[in-house]
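What follows is one structure encoded as structure tokens, with my remarks underneath.
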Amino acid sequence: MIMARRLTLEGAQVKAVAEVLPYPSGLVRNVVQCLHDFNIPLLLSHTVAEVHGDRRVEAVTLVRVDERWNPVQGTEQRIECDTLLLSVGLIPENELSKAAGVAMDSRTGGACVSDFFETTLPGVFSCGNVLHVNDVVDNVSSEGETAAHGAYLRLKGRMPDRTSMVPIEPDETIGQVVPHHVSAQNDATLHIRVKRPMKKMTLRVGDGFEKKLPFARPSEMIWVTVPKEVFRSAGGPVVVRCEGR
Ligand SMILES: Cc1cc2nc3c(=O)[nH]c(=O)nc-3n(C[C@H](O)[C@H](O)[C@H](O)COP(=O)(O)OP(=O)(O)OC[C@H]3O[C@@H](n4cnc5c(N)ncnc54)[C@H](O)[C@@H]3O)c2cc1C
């Protein structure tokens, strides 16, 4: 969506943005400011069926998909164009982390970290988009500050022992959660993405914390600060879950 706006500002005519999901996978802010404000159509549940042209792109055929992403016959539409821009999602680049041998989270594509953003390798920290894809850079800056404080504690020999930390586990309603274990020395901020869009959502962390939200979308990371008592009284892993319509 951002690139659709950028191309428009640079003089291109953007005919459409196609999204295979039945809801926008990016921020609502970007739907409004990048597409609506520039009259660029957003075709949900659509994908590219065919690219036409030999020496260069001459047209693209879009097709609607069902809930299993199978093309719906008869919904093909040919769009004359000279460029097709593919946006295939951001994936944290973690060759260094993997080579260093830190534990990885298959949901985020990044390292497993504590609430100080320390990986399972003492003295190695991970934050920002290499840890998990963030919505805005302000979140990245905030994570960087916490990681810097963690590095200070590690250098001073005051980092809590990892074996005493409380594991945080998402259930099947949660797309991802960071951090993966918390020291329970301080209140901890959890960064959560739900798996599907929800209305009137209740988020629960362990047995002692809940937060109600009017809606939640996978594209918008939820930041929630949970009191340390919730982790201290858990006596085992703390499960993060949510329910809603
Ligand atoms: C198209 C687009 C538009 C966006 N628009 C906005 C916006 O309007 N507002 C907003 O708040 N956020 C926006 N974001 C999100 C924001 O850019 C990111 O959240 C933020 O840049 C992440 O910061 P970072 O430092 O974690 O990673 P990055 O900014 O990606 O920085 C990582 C740096 O590490 C370097 N690097 C990688 N590997 C190595 C290596 N092996 N050795 C040395 N260096 C290495 C990379 O070259 C890069 O410079 C946008 C993101 C995208 C993709």
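Summary table
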quantity	calculated
Charge dipole of the range 1-112 about the Cα centre (unit charges at C-beta), most positive-ward option of VAL88, HIS52, ALA100	ALA100
Global form of the range 60-99, assessed from the alpha-carbon gyration tensor, a/c cut-off 1.5	oblate
Peptide ranges 152-162, 169-179 listed from the most packed, as the mean C-beta count within 10 angstrom indicates	169-179, 152-162
Extension gain, TYR152 back to GLU67 (0.36 nm per residue minus Cα-Cα distance, nm)	25.7 nm
Cα gyration tensor shape for the range 2-80, rounded if a/c is under 1.5, else prolate or oblate	oblate
Given charges at beta-carbon only (K, R positive; D, E negative), |dipole| of the range 95-243 in Debye	220
Cα gyration tensor category, rounded, prolate or oblate, for the range 88-234 with a/c compared to 1.5	oblate
In Å², nearest 10: area of THR163 left accessible to a 1.4 Å probe	120
Within the accessible area of the range 1-132 (1.4 Å probe), percent carbon and sulfur	52
Per residue value of the accessible surface for the range 95-243 (all protein chains in place, 1.4 Å probe), Å²	49
Modelled FRET efficiency - R0 35 Å, ARG196 with HIS36, Cβ distances, 0.05 increments	0.90
Dimensions (Å) - the chain, Cα atoms, principal axes, largest first	62, 39, 30
Relative contact order for the chain, counting Cα pairs under 8 Å that sit 6 or more residues apart, in percent	12
Per residue accessible area of the range 2-80, 1.4 Å probe, in Å²	67
C-alpha center-to-center spacing [the range 82-105, the range 160-222] in angstrom	23
Value at 222 nm in deg cm²/dmol, rounded to 500, when DSSP H runs of n ≥ 4 in the chain each add -39,500 (n - 2.57)	-4500 deg cm²/dmol
Which of PRO160, PRO237, SER183, positive extreme of dipole for the range 95-243 (C-beta unit charges)	PRO237
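The values are calculated or read from the model by the stated rules, or taken from the named source; none is laboratory data. The structure displayed is predicted, hence computed values, not measured ones. Cβ: placed from backbone, ideal geometry, glycine included. Neighbour counts: every protein chain shown. Please note that ligands, DNA and RNA were not included when accessible areas were found on the heavy atoms of the full protein model with its side chains. Shrake-Rupley method; radii C 1.70, N 1.55, O 1.52, S 1.80 Å.
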